[in-house]
Amino acid sequence: MRPYELGNPELDQRLRDLVRDAVAATPTSESEAQDTDLIRELLTTGLKMLRDSTDRADLKLANAALKEMRYSFLVFSHYKDVKKVTIFGSARTPEIDPDYQLAAAFARQMSDEHRWMVITGAGPGIMEAGNLGAGRDLGFGINIRLPFEDEANPYVHESRLINFKYFFTRKLMFMKESNAFALFPGGFGTMDETFELLVLMQTGKSDLHPVVLMEDDGGTYWDDWIRFVESLVHQGMILPDDVGLFRRTSDVEEACREVTDFYRSYHSQRFVDGKLVLRLQYPVTPALLEALNDEFGDIVVDGRIEAIEPTDPEIRDRDHLDLARIRFHFDRKHLARLRALIDRINKEAPPGTA
């Protein structure tokens, strides 16, 4: 592959020298020093935009987005080994609303009993309930600056409050940093976040995550929404399996169990050379591997589901090399069946794990 450079040998060498000098002047781990090629490409992109005479407004957009991402990466890097659940929902839900109380109770149980951290949009309503339940030690606030609403709720600690100008960078952080999602009734913003989340999973642009639709007993918000989604199935707009990407419940215990059980053995996924690699905390036994091939052969394009060692691309990226793995040629269509396969693996994990 042709290197990503300016094409000017002198300037390209000066960029390499600049990055080398920056590494020498900054305390850097060995793994971070190996990433200098990516830093050099970032600088190259900036200079290419200068060479392209990129419009100032576009430069301001790219500059602000990159700065927002850099700071978010820094804040979350301190907690990268702690699982996190994002809570979406309306900013207009009052404290006396049963859904507010339900969101607070869910966040409290996830943080107090399971030691998960809780991410919200930092605003009032359901977001405030989530931060209230998590407490100031285990909550994040990913705030958006709006003309009519930009103050974070009082339950977010300032060290874990991140302010965004753009929705797209904010949503990127929700999706990137979360291991699970709890969705409560809300307006356009909640629907936007809900469908973005489902699209990313449906298309394989994101790992699968547990997604729980929560609402107090007697509410009809999610029932109405599910009827609409099922109408998309009837019209051929989505596959019947796609409705298996989420669960609906009004019970806090059930919601917490849905979230934590998903990670009893399953850890993450990655496509390598067109095949899906599932990283697991516990090796798959030969008997379970045989059962997976029998039960889920319908989503395997060719070959079989097999246990493997880390692949070369994963080794190069130092990508969870300590975990067990299985690999197969997934059809990339039946995501709910993939979710069922993950549930099957998790069911066989040692008792008491989560």
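The values are calculated or read from the model by the stated rules, or taken from the named source; none is laboratory data. Predicted model, so just to flag it, every value in this text is computed and none were measured. So basically every Cβ, Gly included, is an ideal-geometry build from the backbone, and we count neighbours across all protein chains shown. Accessible surface areas use protein heavy atoms only, side chains included; no ligands, DNA or RNA. Shrake-Rupley method; radii C 1.70, N 1.55, O 1.52, S 1.80 Å.
Are any of the residues in the stretch 255-274 of a type in the set (Asp, Glu) and closer than 28 Å to Lys84 by Cβ?
The answer is yes, given that some residue of the stretch 255-274 is of a type in the set (Asp, Glu) and closer than 28 Å to Lys84 by Cβ.
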Read through the list (1) farther than 18 Å from Glu306 by Cβ; (2) surrounded by fewer than 19 Cβ atoms within 10 Å (Cβ to Cβ); (3) within 18 Å of the chain's Cα centre (by Cα), then give the number of the only condition that Asp241 fails. (3)
Show me the helices (runs of 4 or more DSSP H) found entirely inside the stretch 1-86 where at least 3 residues are open to solvent by less than 90 Å² (accessible area, probe 1.4 Å). 9-25, 36-51, 56-77
Exclusive hit being touching a helix residue (DSSP H, G or I) at 6+ places or on another chain (Cβ under 9 Å), free of Cβ contacts under 8 Å to residues at least 60 places away in the same chain and farther than 18 Å from Ala255 by Cβ, set Gly135, Gly130, Gly139: Gly135
How many of the residues making up the stretch 34-60 are among the charged types (D, E, K, R) and over 18 Å from Gln13 (Cα atoms)? 5
Going by what's in this entry, would Phe174 be described as modelled with pLDDT of 95 or more, more than 18 Å from Ser90 (Cα to Cα) and assigned to a helix (DSSP H, G or I)? no
Close pairs from the stretch 81-100: first closer than 13 Å to Glu128 by Cβ, partner assigned to a loop (DSSP other than H, G, I, E, B) and among the acidic types (Asp, Glu), Cβ under 6 Å, at least 6 apart: Asp99/Asp216
Considering only the stretch 289-306, state which residues are open to solvent by less than 60 Å² (accessible area, probe 1.4 Å), within 28 Å of the chain's Cα centre (by Cα) and touching a residue at least 24 places away in the same chain (Cβ under 8 Å). Leu289, Leu292, Phe296, Ile299, Val300
Of the residues in the stretch 219-232, those that are assigned to a loop (DSSP other than H, G, I, E, B) and in contact (Cβ under 8 Å) with a residue 12 or more places away in the chain come to Gly219
Filter the stretch 271-288 down to the residues that are among the charged types (D, E, K, R) and either crowded, with 16+ Cβ neighbours inside 10 Å or farther than 21 Å from Asp207 by Cβ (or both) and list them by number. Lys275, Arg279
Does any residue in the stretch 193-215 that is without any contact (Cβ under 8 Å) to a residue 24 or more places away in the chain come within less than 9 Å, Cβ to Cβ, of a residue that is β-branched (Val, Ile, Thr) and in a helix (DSSP H, G or I) six or more places away or on a different chain, and which pairs are these? Lys205/Val199
Just need a number here: residues in the stretch 210-232 that are at pLDDT 95 or above and either open to solvent by less than 40 Å² (accessible area, probe 1.4 Å) or aliphatic (A, V, I, L, M) (or both). 12
Go through (1) surrounded by 15 or more Cβ atoms within 10 Å (Cβ to Cβ); (2) in contact with a Pro (Cβ under 9 Å, 6 or more places away or on another chain); (3) without any contact (Cβ under 8 Å) to a residue 40 or more places away in the chain; (4) not charged (D, E, K, R) one by one and return the number of the condition Leu321 breaks. (1)
